[in-house]
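Engineer: Before I ask anything, here is the structure I am working with.
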Amino acid sequence: MSAPRIPVTMKAVLWKGYGGYDQLEFRDDVPVPQPEDAAVLVQIGAASVNNTDINTRTGWYSRAVSDGTTDAGAALGFCGASAEDSGWTGTKHEFPRIQGADGCGRIVAVGRGVPTSRIGERVLIEPIIRLNVHGVPTIIYFGSECNGSFAEFTCVPSANAHAILSDLSDAELASFPCAYAAAEHMLERSQVAAGDEVLVTGASGGVGSAAVQLAIRRGARVIAVASPAKEDAVTALGASRVIARDADLIALLSHESVDVVIDVVGGGQFPQLLEVLRRRGRYAAAGAISGPIVELDLRTLYLKDIQLHGCTVFEPRVFRNLVGYIERGELRPVVAKVFALASIVAAQREFSAKKHAGKIVLRP
């Protein structure tokens, strides 16, 4: 396929510094990046919003947020706060940055070492980027330590642009990468298998709704935790039971009643999550939307031989497997609403209100 004409400038959202929505600036004069060696230029068809976009912008990953608050803006004050350790890798960000961890689009140019036959391929972008920096294996995160998908074009290593054959729309495909890879990683780390009883918190969100589907795909039975208003949406994904998010889990499920807990919520309910785990149960976390500081009784942990898994960096096979699931129609995209990229503030406000089920998607 012949290479398309690529403009000199593009539309993009620039993240200017730690703080509120005022730190997001939509521009139409941002230079289009050029692919380096072993990299490709992707024209973005759609991108989606994740908790990490908000958490990174507000500096929530910083250890300065140590009081359990979910409002990192209040914690840092947005007034000269540098949040030196607020990146996913524990480093300070460089500004301006283009955020966006999820991206779907087409390759429109390639760098040296990449076959030109890749031009025209429809791709999903794997958000964990593995580099070799002066002989040292290094991991960075798409949209955090490098520019992401909140733009018309982006560059990624060729290995991170996974060709995909699917009848789904760009908006539907863009709902998969970050959330579904995170969910599959948690299920893999906690060794979810057929016959397991799995409790999924935050089950109406991006990662939670992915975990429900992916656990059922493995033959597990899923108990979902979600707000009553979203019960029908979560049940439609295949959950066998939906429990209100502020319910007494021990009273409803009893002690030692589930094999695995898949948690993106944390907060005050954390002790109950370990109580309802059976002996030798497995707990996996990839988020803390109700607060990062939790209470842990070590006696519960060691007397029940519980496994605790923190899940961020998934193995490359996780994303390759995910692409296969999508191509075979084994997963259902859950898109709540689509916004224009220029409306990113409205999109993030709606996302933060948590009244939706599934993903909020942006289209440049």
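Engineer: With springs only between Cα atoms under 10 Å apart, run a GNM on the chain and tell me which of Ala179, Ala236, Ala347 wobbles the most.
Structural biologist: Ala236
Engineer: Determine the distance separating the Cα centre of segment 1-32 from the Cα centre of segment 226-277; give it in Å without decimals.
Structural biologist: When both Cα centres are located, 40 Å separates them.
Engineer: While we're looking at this one, here's another question. Under a crude label model (7 Å from the Cα following the beta-carbon direction), how far is Ala38 from Gln191 in nanometres?
Structural biologist: 3.4 nm
Engineer: Here's a follow-up. Per residue, how many Å² of accessible area does segment 187-246 show with a 1.4 Å probe?
Structural biologist: Accessible area per residue: 37 Å².
Engineer: Identify which of Arg328, Arg118, Arg282 has the largest mean-square fluctuation in a Gaussian network model of the chain, with springs joining Cα atoms closer than 10 Å.
Structural biologist: It is Arg328.
Engineer: Let me ask another. According to the square roots a ≥ b ≥ c of the eigenvalues of the Cα gyration tensor, what is the shape class of segment 173-231, taking rounded for a/c under 1.5, prolate for a/b larger than b/c otherwise, and oblate for the remainder?
Structural biologist: oblate
Engineer: While we're looking at this one, here's another question. Net charge around Ala101, counting only other residues with Cβ within less than 13 Å of its Cβ (Lys, Arg = +1; Asp, Glu = -1)?
Structural biologist: It works out to a net charge of -1.
Engineer: Could you identify which residue out of Val323, Val313, Val40 has the top mean-square fluctuation in a GNM of the chain using Cα springs shorter than 10 Å?
Structural biologist: Of Val323, Val313, Val40, the Gaussian network model singles out Val313 as fluctuating most.
Engineer: Of the accessible area of the chain, with the probe set at 1.4 angstrom, what percent is carbon plus sulfur?
Structural biologist: Carbon and sulfur: 49 percent of the exposed surface of the chain.
Engineer: Too long at a 32 Å Cα-Cα cut-off: which of Lys11/Lys92; Lys304/Lys359; Lys304/Lys354; Lys92/Lys230; Lys16/Lys354?
Structural biologist: Lys304/Lys359; Lys304/Lys354; Lys92/Lys230
Engineer: Report the accessible area of Leu274, computed with a 1.4 Å probe over the heavy atoms of all protein chains in place, in Å² rounded to the nearest 10.
Structural biologist: Its accessible surface works out to 0 Å², give or take rounding.
Engineer: Please state the shape class of the chain: rounded when a/c is under 1.5, otherwise prolate if a/b exceeds b/c and oblate if not, all from the C-alpha gyration tensor.
Structural biologist: In terms of gyration-tensor shape, prolate.
Engineer: Let me ask something else about it. What does the extension gain come out to for Lys16 and Asp248, with contour length at 0.36 nm per residue minus their alpha carbon separation?
Structural biologist: 79.3 nm
Engineer: Below 8 Å, C-alpha to C-alpha, sequence gap of six or more: please give me the relative contact order for the chain in percent.
Structural biologist: RCO, the chain: 18 percent.
Engineer: Accessible area per residue, 1.4 Å probe, Å², for segment 274-364: what's the number?
Structural biologist: Per-residue accessible area for segment 274-364 comes out at 52 Å².
Engineer: Specify which residue in the list Val313, Gln272, Val108 is farthest towards the positive end of the charge dipole of the chain, using unit charges on the beta carbon of Lys, Arg (+1) and Asp, Glu (-1), about the Cα centre.
Structural biologist: Farthest along the dipole direction, towards plus: Val108.
Engineer: Can I ask one more? How high is the relative contact order of segment 205-293? Use alpha-carbon pairs under 8 Å, at least six apart in sequence, and give a whole percent.
Structural biologist: 23 percent
Engineer: Can you give the calculated 222 nm mean residue ellipticity of the chain, where each DSSP H run of n ≥ 4 adds -39,500 (n - 2.57) and the sum is split over every residue, rounded to the nearest 500 deg cm²/dmol?
Structural biologist: Helix-only estimate at 222 nm: -6500 deg cm²/dmol.
Engineer: Further question: Would you please classify the overall shape of segment 287-362 from the alpha carbon gyration tensor, given that a ≥ b ≥ c denote the square roots of the eigenvalues, rounded means a/c under 1.5, and beyond that prolate means a/b larger than b/c while oblate covers the rest?
Structural biologist: In terms of gyration-tensor shape, oblate.
The values are calculated or read from the model by the stated rules, or taken from the named source; none is laboratory data. Fair warning: this is a prediction, and the values are worked out from it, not measured in the lab. All Cβ positions, even for glycine, are placed from backbone atoms using ideal geometry, and neighbour counts span all protein chains on display. Accessible surface is based on the protein model in full, side chains and every heavy atom, while ligands, DNA and RNA are left aside. Shrake-Rupley method; radii C 1.70, N 1.55, O 1.52, S 1.80 Å.
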